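The values are calculated or read from the model by the stated rules, or taken from the named source; none is laboratory data. In this text, all values refer to a predicted model and were calculated from it rather than measured experimentally. Don't worry about glycine lacking a Cβ; one is built from the backbone with ideal geometry, like all the others, and counts go over all protein chains shown. These area figures cover heavy atoms from the full protein model, side chains too; ligands, DNA and RNA do not enter into them. Shrake-Rupley method; radii C 1.70, N 1.55, O 1.52, S 1.80 Å.
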Amino acid sequence: MKLASFEVETPVGTRQRVGVHDDGGALVDVTAAYAADLESRGEADPLAVAETHAPPEMATFLRRGERSFSAARDAVAFVRETDASEGPTGGQLRFDPQAEGVRLLAPLPRPNSIRDFMAFEEHVENSLGEEPPQVWYDTPVYYKGNPDSVVGPDETVAWPSHSEQLDYELEIAAVIGTEGSDIPAEDAAEYIAGYTVFNDFSARDTQMKEMQGRLGPAKGKDFANAFGPYLVTPEDFELASARMTAEVNGETWSDGVAGEMYHSFADIVEHVSRDETLYPGDVLGSGTVGEGCGLELGKFLEEGDTVTLHVDGLGTLENTVR
């Protein structure tokens, strides 16, 4: 299942919705479609029940757990079987993501937290110019990003005033769907709600300067975290074989495979949850695939460049820097 967050213009203002990408390319409004399904089964107050079980905002949707996902499956099945177009109050059930008045957002517009790792050995070697230190092999190391600087598909990324070296990073992110602590690696899959494409934009000159102080990265990373277009549930994503590519203005700069991660997401979940609680909406970034950023290639972005990241099974995330 491919979940999305999107905004629609309504007579009473802009409203955020959770959708499922249907086979025909439309977004099925989960809350409205589930309410229509409940109404067809005789529920007395279908919209109120639907908003409780399948909320129209992704962070709350994830916190409802399996109840929300079950409702989403029922909603899509109802629309497919009945070809219904309106909900109990006349609300639209299907939306064209390209239509006027519809805007695709990052799947999780405001994560609970962002932790970004360095899980690809080639990237670490290329960035350091030498073999990674032993601690990197022993421990999935990470920094914490800014959950308030999330950027969605097709959004413009504002060039930070403190930087002259802007870079992209080709990554995958796992989103936690179930609260838990001290999670063994063999159980980690039960806690992951899905995966999405992640562009960890980086101001390289700022990053390198601040890390000389033995802390960070901070300002060098905190200005833009791009996610999207969808949150794909684990049963519909083959991580081990997924090809990852990055294009700048249509020219391929990066090409890798997700399965080359040295530290798996299962290892990452086990490490982070040790003596600590993971919550629905926490985001765990894979770090950059080998040769997945300009730093490794010896070239950086320029004003007006369009960066297009694609991961097989997850879709395409495109942003322009200005």
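Data table
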| quantity | calculated |
| --- | --- |
| Inverse of mean 1/r across different Cα pairs in the chain, Kirkwood, Å | 20.3 Å |
| Sparsely packed GluC sites (Glu not before Pro) within the stretch 248-277, loop by DSSP, other Cβ within 10 Å at most 11 | 276 |
| Fluctuation leader among 291, 39, 235 - the chain, Gaussian network, Cα springs under 10 angstrom | 235 |
| Set of lysines near residue 209 by C-alpha distance (under 23 Å), chain-local residues within fewer than 8 positions excluded | 144, 219, 221, 299 |
| Anisotropy class of the stretch 112-182 from Cα gyration tensor, a/c 1.5 cut | oblate |
| Debye, to nearest 20: dipole size of the chain, +1 on Lys, Arg Cβ, -1 on Asp, Glu Cβ | 880 debye |
| The stretch 168-308 - percent of accessible surface contributed by carbon and sulfur, probe 1.4 Å | 44 percent |
| Per DSSP, loop trypsin sites (Lys or Arg not before Pro) in the stretch 1-60 with at most 13 further Cβ within 10 Å | 41 |
| The chain: angle of helix 66-82 to the longest principal axis, Cα-based, in degrees nearest 10 | 60 degrees |
| D_trans [Stokes-Einstein, Kirkwood Rh over alpha-carbon pairs] for the stretch 170-254, 25 °C, 0.890 mPa s, µm² s⁻¹ | 159 µm²/s |
| Residue-normalised accessible area of the stretch 62-151, expressed per residue, 1.4 Å probe, Å² | 53 Å² |
| Relative packing of peptides 238-250, 89-101, 53-65, 191-203 - highest average C-beta neighbours within 10 Å first | 191-203, 53-65, 238-250, 89-101 |
| The stretch 44-122 - percent of accessible surface contributed by carbon and sulfur, probe 1.4 Å | 45 percent |
| Cα gyration tensor category, rounded, prolate or oblate, for the stretch 81-230 with a/c compared to 1.5 | oblate |
